[in-house]
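Since the structure comes first, as structure tokens, the remarks are kept for the end.
FYI, it's all coordinate maths here, none of it is from the lab. A quick note: this is a predicted structure, and the numbers were derived from the prediction, not measured. Neighbour counts are summed over all protein chains in view; Cβ atoms, including those assigned to glycine, are modelled from backbone coordinates with ideal geometry.
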Amino acid sequence: MPLDTIEAKIGSIAPDFKLAATNGEEISLSDFRGKSNVIMFFIRETSCPQCRTHVAHLGQLYEQFKSAETEVIVILGEGVEKSKKYADKLHLRFPILADPDRHVYTLYELEKYFVLLQRTASIVVDKAGVVRYLKRTTIPNVWLQESRELLGFTLSLE
């Protein structure tokens with residue numbers, strides 16, 4: 001039985017949210033419940049080259065994720081316009097969600113570390129809404145190999 005908490009931990013129900021997306025829609029995490037697994041990636045900053053590389057890799061692997069019944073959600077702590085420019089620059093086929101006040105970052109315990117370093121995370125939520133994979137960090141170098149690890153993990157979900 002999953003833990004029903006407001007904190008995101010492996011085995012807990014992922015906290016729900018609704019954000020404006022670069023495709024003009026408002027997207028909630030609960031929109032995917034019962035339909036697909038979800039990879040959520042929280043971008044550190046638009047200037048982070050490792051985050052940009054990771055997001056580009058997620059874009060390149062998007063069809064494989066879709067085949068594994070997994071959707072990709074990328075969350076950026078900026079407004080919709082800046083998020084759209086970021087998505088357009090990377091030619092992404094999935095929308096980026098705008099979280100300008102970083103409320104969802106806070107919901108997922110990704111506050112800035114020592115007020116300077118933005119925490120970032122990759123989270124996999126299964127079809128039932130349960131957190132199955134969680135990696136938080138302030139060091140963005142970990143994302144350089146993350147997309148392949150996420151693909152392998154989502155292929156293992158039933």
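Below are the figures for this structure:
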read-out: Label-to-label distance, nm, for residues given as E149 and E109 (7 Å Cα→Cβ offset); value: 1.8
read-out: Overall form of the range 18-156 per C-alpha gyration tensor (a/c, 1.5; a/b vs b/c); value: rounded
read-out: Sequence ranges 121-128, 101-108, ranked by mean other-Cβ count within 10 angstrom, highest first; value: 121-128, 101-108
read-out: Net dipole in debye of the range 18-156 [+1 Lys, Arg Cβ; -1 Asp, Glu Cβ; about Cα centre; nearest 20]; value: 200
